[in-house]
Structure formats: C-alpha cells, structure tokens
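Structure record follows, encoded as structure tokens.
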Amino acid sequence: MARLKAYSRPAALAKIDGRTREARLLKEIRAALTAHVGGTPSATQRALIDRAALLSLHCALLDEKTLSAGGMMTELDSRTYLAWSNSLSRALLGLGLKGAPERPRSLSDIIKPRPAPAMAAE
C-alpha cells in the first residue's frame, strides 16, 4: 500500500493497514476520546470521535510535511491546515471540554475487603 500523505483521499484512509503508525495514531485518538466521553459513546459521539480522529491524522500528516520542508507551508497547505484544525476544534467542542463525570463508587467498591497490613519481621 502506498504511504499516506496529507492530502490522501478518504478511500485511502478507509483502507489503512492496522500495523502502520497512522493506524496506531487513529486508534490512540479514538481510545482517548472514547474514554473522555465515559467509555460508551452514543452514535453521535462515535461519529464525532471518528471525524476528530481523521482530522487529527490529516493535521499530523500536514505537520510532518511542513517540518520536512523546513517549516514552510504553501498557501494551499496553510489554508487547508486552518480548515482542518478549525473543524477538529469544532468536533472536539461537540464532544465537550470536560470529560464524563467519574462513575460513583458502588456499594461493592466500598465494602470490598482490604488486604491485611504486612507484619514487620521480628
């Protein structure tokens, strides 16, 4: 498979081999955002998570392209980067700035037997 680039088509992104660094990045972002919303996202949250992961990948690939070019961006790269990063910001805002509230402790968590303290050697 050809290496993914900043302007790879969506069909190419859909066929990402799970062993590539791009696939690992997508998986990490999806996992982090899924945890952020409480671990069980709704259908809408899943769609936003997928969109945010792909936009993050595109931004990362364009970052890499820019760094390899000595920090210079073409006008197209600059406009595209701004559009993708703004879209990413909106997707992340849709998921919420605050994470899901922590799960309250259950009764079984509270009464769980605790290990006995270790005895000092005599």
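Every read-out reported here was derived from the displayed coordinates using simple, explicitly stated rules and does not represent laboratory data. The model shown is predicted, which means the values in this text are computed figures rather than measured ones.
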Note on the stretch 23-96: contact order normalised by length, alpha-carbon pairs under 8 Å, 6 or more apart, percent, works out to 38 percent
Segment Arg24-Leu76, length gained on full extension (0.36 nm per residue, minus Cα span)
16.0 nm
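Normalised radius of gyration for the stretch 49-122, please: alpha carbon Rg relative to 2.2 N^0.38 Å, two decimal places.
Output field value: 2.12.
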